[in-house]
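K.L.:
One structure, as structure tokens, below. Some questions next.
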Amino acid sequence: MNLLEKYAAQVAIFVKVCHKLAKNMYVTSQGGNLAWKLAEDVILITPTQIHKGDMQPPDVVFIDLAGEVVEGSLRPTGEKPMYLKFFADRPDVASVIHCHPPYVCATAVMTGENPLTRPFYPETVIEVGPVPIVPYGEPLTEELAENFSPLIGKYNSFVMANHGLVTMCRGDIEQALATVDILEASAKSVLIALQFGPVKELDRHAVEGLDTVMGKRKLPMFGSPGVNGSLVDLYFPQD
């Protein structure tokens, strides 16, 4: 049995997520890419130069942790170096999406403070966490992958300056898409609010309460296991 047959159910979900990314305009033209680690050395990844709305099961590519193609007739995304770094540095992570949701991408070209690092909505705080800016790097390069190094152990989502969003999670690729949805909705409302003046964020006491919520729901803390002790540590590191 080949991998396309063995993982037929996961491939169907993967292709469905590709279609949703295109339908929601989180990717346009041939942009964006995604990967899902299905086994210790089996990664399902999108091919290069194909519109995600046109993706079909035979188009997917399977690579190993060394980046070698183990099955598939198309070449994997040119952002492969970035994904190999993610899975190497974050073995706890199973799925990653890189896309260009418009409101999140607006923060990629903003000057001043990045609003996505601040706590505004409970759902975003406990499902996404803070989203730092990764310095600009040329797409498809090792430089871009390496720019994540100082941040990758502490956070699960990142805005690449002048580029787009990367979000990763321990769950499946649909969970990663849910994170994109939550973040894009939050970014939209915050950016609209900023047009009318200063915005109010959740205070330390409120975030302490959300730490309790995460404990009750048994949600894992963002970043590599053991790196962050609490949401308060993430959102109020200087206190």
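K.L.:
So how many residues does the range 119-159 have that are assigned to a loop (DSSP other than H, G, I, E, B) and either touching a Ser or Thr at 6+ places or on another chain (Cβ under 7 Å) or surrounded by fewer than 17 Cβ atoms within 10 Å (Cβ to Cβ) (or both)?
P.N.:
18
K.L.:
Which numbered condition in (1) farther than 19 Å from Pro132 by Cα; (2) surrounded by 13 or more Cβ atoms within 10 Å (Cβ to Cβ); (3) without any contact (Cβ under 8 Å) to a residue 24 or more places away in the chain is the only one that His205 fails?
P.N.:
(2)
K.L.:
Identify the residue in the range 62-99 that is surrounded by fewer than 19 Cβ atoms within 10 Å (Cβ to Cβ) and among the basic types (Lys, Arg) and, among all such residues, is farthest from Asn147 (Cα to Cα).
P.N.:
Among those that are surrounded by fewer than 19 Cβ atoms within 10 Å (Cβ to Cβ) and among the basic types (Lys, Arg), it is Arg75.
K.L.:
Here's a follow-up. Which residue, of Met25, Met82, is at positive phi and of a type in the set (A, V, I, L, M, F, W, C)?
P.N.:
Every option except Met25 fails the conditions.
K.L.:
Hey, any hits in the range 54-69 for a residue that's more than 17 Å from the chain's Cα centre (by Cα) and either modelled with pLDDT under 95 or over 25 Å from Met1 (Cβ atoms) (or both)?
P.N.:
The answer is yes, given that some residue of the range 54-69 is more than 17 Å from the chain's Cα centre (by Cα) and either modelled with pLDDT under 95 or over 25 Å from Met1 (Cβ atoms) (or both).
K.L.:
Further question on the same structure: Being within 29 Å of Thr28 (Cα to Cα), free of Cβ contacts under 8 Å to residues at least 12 places away in the same chain and surrounded by 14 or more Cβ atoms within 10 Å (Cβ to Cβ) is true for just one of Ala193, Ala176. Which residue is that?
P.N.:
Ala193
K.L.:
Give the residue, chosen from Lys20, Lys16, Lys6, that is farther than 16 Å from Gly78 by Cα and exposed (fewer than 15 other Cβ atoms within 10 Å of the Cβ).
P.N.:
Result: Lys16 is the single residue among Lys20, Lys16, Lys6 that is farther than 16 Å from Gly78 by Cα and exposed (fewer than 15 other Cβ atoms within 10 Å of the Cβ).
K.L.:
Where in the range 1-68 are the strands (runs of 3 or more DSSP E), entirely inside, with at least 3 residues that are β-branched (Val, Ile, Thr) and without any contact (Cβ under 8 Å) to a residue 60 or more places away in the chain?
P.N.:
Answer list for the range 1-68: 42-45.
K.L.:
Given the conditions (1) farther than 30 Å from Ile43 by Cβ; (2) without any contact (Cβ under 8 Å) to a residue 40 or more places away in the chain; (3) not hydrophobic (A, V, I, L, M, F, W, C), report the number of the one that Gly226 does not fulfil.
P.N.:
Of (1) farther than 30 Å from Ile43 by Cβ; (2) without any contact (Cβ under 8 Å) to a residue 40 or more places away in the chain; (3) not hydrophobic (A, V, I, L, M, F, W, C), only one is false for Gly226: (1).
K.L.:
Answer with yes or no whether Ala106 is surrounded by fewer than 17 Cβ atoms within 10 Å (Cβ to Cβ) and in contact (Cβ under 8 Å) with a residue 40 or more places away in the chain.
P.N.:
Criteria met by Ala106.
K.L.:
Quick check on my filter: what residues within the range 191-205 are within 24 Å of Val109 (Cβ to Cβ), in a helix (DSSP H, G or I) and not β-branched (Val, Ile, Thr)?
P.N.:
Result: Leu191, Ala193, Leu194.
K.L.:
Can you tell me which residues in the range 197-239 are under 21 Å from Cys169 (Cβ atoms) and among the hydroxyl-bearing types (Ser, Thr, Tyr)?
P.N.:
Listed by number, the residues that qualify are Ser224, Ser230, Tyr235.
The values are calculated or read from the model by the stated rules, or taken from the named source; none is laboratory data. These numbers were taken from a predicted model, which means no experiment stands behind them. All Cβ positions, even for glycine, are placed from backbone atoms using ideal geometry, and neighbour counts span all protein chains on display.
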